[in-house]
Amino acid sequence: MKRSTSLIRPMALLLTAIILQSCYLNQSEPSLRENTVVEGYSPVYTTADGGDIKFVASREVRNPGKIYIYGQYLLVNEINQGIHVFDNLDPKSPTSLGFIQLVGNSDMAIKNNILYADHMGNIVSLKIEDFNNLTHQASLPLQNWNYGTPPPAGFYFECVNTEKGIVSDWKKTEIKNPSCYANY
């Protein structure tokens, strides 16, 4: 009797480990049949020379991210595109001053009239005493930014082709037989 009881415990542990392993494996990308069309994302590429930092005319806020207040200014991130700049002297009616074009931008901070922001795989510092005359101070490369902006989680996407440039954004589209899935 003791021998059969002593085998039950290790067998139960082994069975539990197998079940847990199979649960973990099933959390990867969903399986698809051949010739399947799914909703996913295709990369929007930017070349290194297409990522100039510029202060350009105001434009509509379409995909806002983080918001930052600095002195009289209100800065609103346009995800992966840049930063909208508003004069916020009258908070009830901010006035749009322009847009800082920063490809791949998602974050920013300001100290002592220096704007720190991410831009095409770098942290850049810009003197902003006058937004019309931004002065690039320095750049610090970010590690592991080879492909650019990551795709939205939980979706299929067209695999990145680094020969086309850096991914600056993603466009929702239908994809036939996708082989890449954002599972993070």
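For this structure, a couple of remarks:
- For the stretch 108-184, the percent of C-alpha pairs falling in each 10 Å distance bin, counted from 0 to the bin holding the largest distance, reads 17, 35, 26, 18, 5, 0.
- The HN-Hα couplings worked out from phi for the stretch 102-110 by the Karplus form 6.51 cos²θ - 1.76 cosθ + 1.60 (θ = phi - 60°) are 9, 4, x, 6, 9, 8, 7, 8, 9 Hz, whole numbers, x standing for Gly and Pro.
- Put simply, the amide H of Asn105, placed in the peptide plane, has neighbours under 5 Å in Asn80, Gln81, Gly82, Met120, leaving out anything fewer than 5 places away on its chain.
- Förster radius 22 Å - calculated FRET efficiency between Val56 and Gln137, Cβ distance, rounded to 0.05: 0.65
- Per principal axis, descending, Cα span of the stretch 50-141 in whole Å: 39, 28, 20
- If only the Cβ of Lys and Arg carry +1 and only the Cβ of Asp and Glu carry -1, the dipole of the stretch 50-141 around its Cα centre is close to 80 debye.
- 25 Å Cα-Cα threshold exceeded, pairs from Lys66/Lys164; Lys66/Lys127; Lys54/Lys92; Lys127/Lys164; Lys54/Lys171: Lys66/Lys164; Lys54/Lys92; Lys127/Lys164
- Along its three principal directions, the equivalent ellipsoid of the stretch 27-184 from the Cα gyration tensor extends over semi-axes of 34, 17, 13 Å, largest first.
- Low-density loop positions, GluC sites (Glu not before Pro), the stretch 98-184 - DSSP coil, at most 15 other Cβ in 10 Å: Glu129
- The string of couplings for the stretch 80-86 from the Karplus curve (6.51, -1.76, 1.60, θ = phi - 60°) is 6, 10, x, 9, 7, 10, 10 Hz, one whole number per residue in order, with x for Gly and Pro.
- Between Cys180 and Phe157, Cys159, the built amide H atoms are under 5 Å apart, and every one of these is 5 or more places off in sequence or on another chain.
- The amide H of Leu142, built 1.01 Å from its N in the peptide plane, has Asn122, Ile123 as neighbours under 5 Å, considering only residues 5 or more places off or on other chains.
- In this simple spin-label approximation, Asn183 and Ser106 carry label points 7 Å from Cα along the Cα→Cβ vector, and these lie 2.0 nm apart.
Readers should treat all values here as calculations from the given coordinates under stated rules, not as data from a laboratory. What you see is a predicted model; the values in this text were computed from it and never measured. With ideal geometry, Cβ positions are generated from the backbone for all residues, glycine too; neighbour counts draw on all protein chains shown.
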